[in-house]
Each structure stands twice: as C-alpha cells, then as structure tokens.
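A.B. asks: Right, I'll just put the structure down here and ask away after.
The values are calculated or read from the model by the stated rules, or taken from the named source; none is laboratory data. No experiment lies behind these values; they were computed from the predicted model shown. Glycine also receives a Cβ, built like all others from the backbone with ideal geometry; neighbour counts cover every protein chain displayed. In case anyone asks, the SASA skips ligands and DNA or RNA and just uses the protein heavy atoms, side chains included. Shrake-Rupley method; radii C 1.70, N 1.55, O 1.52, S 1.80 Å.
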Amino acid sequence: MLDIEYLTTKDGEAIAVVIPIELWRQLLPTEEASFEELAEGIEDYCMNKAMNEAANTPLLTRSEALAYLEE
C-alpha cells in the first residue's frame, strides 16, 4: 500500500499532499505529460481502486439491500 501524506498548518488545515514517487509515476508516466493526462491518470487510478475494493466486498441479498436502502 502506498501511503499518501498531508502537510498541514499549525491549525491542522491541509495545505499540500505528498505522494510516493511510485504512485506519481503510475499517474503521470512521462515527465512531459499535461495536466489533462494527470487528471485522467488520477481518475483511472481511483476507478481501479474502487473496483478492486468492490470486488472484495460481499454482495448483499435482495432483502439485505432493500433493508439497507430503507435505513
């Protein structure tokens, strides 16, 4: 797992994000990439991560899903 760190002010307000270079290279494979390519890389990374987490989540039965939606 790649840990993302947040730099904060003395009051705890987040002012910057530090990500491991390995993750940065996944998001932005070339140094000449544009901000649009960075945005696409972040979107792809997040979507893949969400899909991987969903695959590890147990499925609810129909009745369990309906009960959850009623809450």
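A.B. asks: Given labels modelled 7 Å from the Cα in the Cβ direction, how far is it in nm from E22 to E53?
C.D. replies: My value for the distance between the label points is 1.9 nm.
A.B. asks: So what is the accessible area of the chain per residue, in Å², with the probe set to 1.4 Å?
C.D. replies: Accessible surface, normalised per residue, equals 94 Å².
A.B. asks: Another question, if that's okay. Tally up the carbon and sulfur contribution to the accessible surface of the chain as a whole percent, 1.4 Å probe, everything protein left in place.
C.D. replies: 56
A.B. asks: Moving on to the next point. What do you get for the angle between helix 35-55 and the principal long axis of the chain? Use alpha-carbon atoms, 0 to 90 degrees, nearest ten.
C.D. replies: The two axes meet at around 30 degrees.
A.B. asks: Could you grab the relative contact order for the chain? Cα pairs under 8 Å, six or more apart, rounded to a whole percent.
C.D. replies: 17
A.B. asks: Now for a separate question. If you place +1 on the Cβ of every Lys and Arg and -1 on the Cβ of every Asp and Glu, how big does the dipole about the Cα centre of the chain come out, in debye to the nearest 20?
C.D. replies: 240
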